[in-house]
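The values are calculated or read from the model by the stated rules, or taken from the named source; none is laboratory data. Note that the structure is predicted; figures quoted are calculated from it, not measured. All Cβ positions, even for glycine, are placed from backbone atoms using ideal geometry, and neighbour counts span all protein chains on display. Protein only, heavy atoms only, side chains kept; ligands, DNA and RNA dropped before computing areas. Shrake-Rupley method; radii C 1.70, N 1.55, O 1.52, S 1.80 Å.
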Amino acid sequence: MYEEAELVTFYPNHYYAFADRFSVSEPLPSFKARIWRLLGLREHQTKDPKFERPGRMLDVGCGSGWFISQMRDRGWDVKGVEPNVAAANFGKSKKGLDIFPGSLMDANFPDGSFDYVRLNHSFEHMEHPNRILDEAYRILAANGKLMIGVPNRDSFNARVFGRFWYHLALPVHTFSYSVRTLSQMLLKHNFHVENVVFNTNMLPLLAGVQLYLNRNHASPDPQGRFSKSRLATLLCCWGASLQNVFHVADVIEMTATKQSARLGK
């Protein structure tokens, strides 16, 4: 198993979470966007839990901080943790965000610091998940919420594509999770699971097919004629929507609440 300092070296500088989303203006609705809405397609968004009022939140693996910037605009007191120092420093310099450049364990936040801790597509990158859940429990306030978004090891795509599953992503995805395994882990660490959302877009299905088509290449690539096809993209959008409906999607987003008293492990 790789340690976190080693894992950081596997991420390219153009990794999507490190991108400068602050400089990208929102385009006006295009003809293509209107057509897609008429076809029943939607913009893919993470289903974060609802809160009665803004509070204190921590985004673990926040990249350059685009999400916490949006939450700050909504009145939240926000902090981030990001192992990639360049991305963390970019968010701090660009938007004045409070991003700790390193791991959650090294950040050493005080007990009960946050009402909401978010690990969206970062938990599967961590080499010591049980320690992370213990730390999340410690820094959450009583009845605080934890949201973990991870690839679903029991998804339709994972079962069909096997080693060509898009979200297998070795070695940066150190562990794979299902609803059952993640629920059991949260229970073990004294969290009460409140909600599970199956929430994927077309990319894993589109890329999975392309990886399989490229399987004879020395290094299979998720780019090719199929993944660039507009018709294939449309069909995979509908396919992803069906996967969400039937709870076999590639991504699960699980929200859990910190229990007021630890019951012991």
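Figures for the structure shown
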read-out: Given (1) under 23 Å from residue 175 (Cβ atoms); (2) part of a loop (DSSP other than H, G, I, E, B); (3) open to solvent by 50 Å² or more (accessible area, probe 1.4 Å), index of the condition residue 221 fails; value: (1)
read-out: Answer residue from the range 201-210, given it is open to solvent by 20 Å² or more (accessible area, probe 1.4 Å) and either touching a strand residue (DSSP E or B) at 6+ places or on another chain (Cβ under 7 Å) or part of a helix (DSSP H, G or I) (or both) and is modelled with the lowest pLDDT among those; value: 203
read-out: Given (1) buried (at least 19 other Cβ atoms within 10 Å of the Cβ); (2) more than 15 Å from residue 120 (Cβ to Cβ); (3) of a type in the set (D, E, K, R), number of the condition residue 59 does not satisfy; value: (2)
read-out: Qualifying residue in the range 193-200 (condition: more than 17 Å from the chain's Cα centre (by Cα) and buried (at least 16 other Cβ atoms within 10 Å of the Cβ)); value: yes
read-out: Breaking point among (1) closer than 23 Å to residue 257 by Cα; (2) open to solvent by 40 Å² or more (accessible area, probe 1.4 Å); (3) free of Cβ contacts under 8 Å to residues at least 40 places away in the same chain, for residue 71; value: (2)
read-out: Of all residues making up the range 170-192, the number that are open to solvent by 20 Å² or more (accessible area, probe 1.4 Å), in contact (Cβ under 8 Å) with a residue 60 or more places away in the chain and either among the basic types (Lys, Arg) or in a helix (DSSP H, G or I) (or both); value: 3
read-out: Given (1) on the phi < 0 side of the Ramachandran plot; (2) open to solvent by 50 Å² or more (accessible area, probe 1.4 Å), index of the condition residue 247 fails; value: (1)
read-out: Looking only at the range 230-244, and only at residues there that are within 20 Å of the chain's Cα centre (by Cα) and in contact (Cβ under 8 Å) with a residue 60 or more places away in the chain, the one that is most open to solvent (accessible area, probe 1.4 Å); value: 241
